[in-house]
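Worksheet for the structure shown next.
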Amino acid sequence: MASSSGTSSGSSFLQNSGSEEDLQQLMDQRKRKRMISNRESARRSRMRKQKHLDDLTGQVTNLRRENNQILTSMNVTTQQYLNVEAENSILRAQLSELSRRLESLNEIIAVLEANNNFNGLVMVHNEPYSFNFAQNDIMLDGFNVTNSWNNLSANHPIMTADVLQY
C-alpha cells in the first residue's frame with residue numbers, strides 16, 4: 001500500500017507541477033502580450049506627442065512670421081505718420097507766415113489808401129515795407145508782391161528761418 005500511495009502522490013505531484021507549468025506558461029504568455037501591448041501603446045503615445053510637438057513648432061513658425069509682418073507694417077505706418085506730421089507742421093508754419101503777411105499787406109494797403117500818393121518806407125509790425133504808389137509796386141522783404149501772388153510755388157520759399165523755430 002505504501003507503494004501505491006507513493007505512486008499516487010507522485011502522479012498527483014506531476015499533475016500539479018504540470019498544471020503549475022501550464023499556468024506559469026499562460027501567465028508568461030499573458031505577460032508578454034501585455035508588454036507588447038504596452039510597448040505599442042507607448043509607441044503610439046510617443047507618435048502623438050511628436051505630432052503635437054511638430055504642430056506646435058509649425059504654429060510658432062507661422063506666428064513669428066505673422067508677427068514680423070505686423071511689425072514691418074507698423075514700422076511703415078509709423079514712418080508714414082511721422083512724414084504726414086512733419087508735412088502738417090510745415091503747412092501750419094506756412095499758413096501762419098502767409099496769414100501774417102496777408103495781414104501786413106492789408107495794413108499797407110490801408111495806409112496807402114489813406115495817403116493816396118505816398119511813396120517811401122513804412123514800418124508794419126516792426127518790419128520795413130517800401131512802396132512806390134505811382135508805379136504800383138509793393139516790396140515785401142525785397143520781393144515785389146504787387147502781381148506775384150499767382151506766381152507762388154514750391155520754388156518760391158514763403159517761410160523765414162525764424163518761423164521754423166518753435
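Odds and ends about this structure:
- Among the residues of this structure, Gln94 counts as one that is assigned to a helix (DSSP H, G or I), within 39 Å of the chain's Cα centre (by Cα) and in contact (Cβ under 8 Å) with a residue 12 or more places away in the chain.
- Of the residues making up segment 19-76, those that are among the acidic types (Asp, Glu) and open to solvent by less than 100 Å² (accessible area, probe 1.4 Å) are Asp22, Asp28, Glu40, Asp54, Asp55, Glu66.
The values are calculated or read from the model by the stated rules, or taken from the named source; none is laboratory data. Predicted model only: the values in this text are computed from it and were never measured. FYI the Cβ positions are ideal-geometry reconstructions off the backbone, even for glycines, and counts take in every protein chain you see. Accessible surface areas use protein heavy atoms only, side chains included; no ligands, DNA or RNA. Shrake-Rupley method; radii C 1.70, N 1.55, O 1.52, S 1.80 Å.
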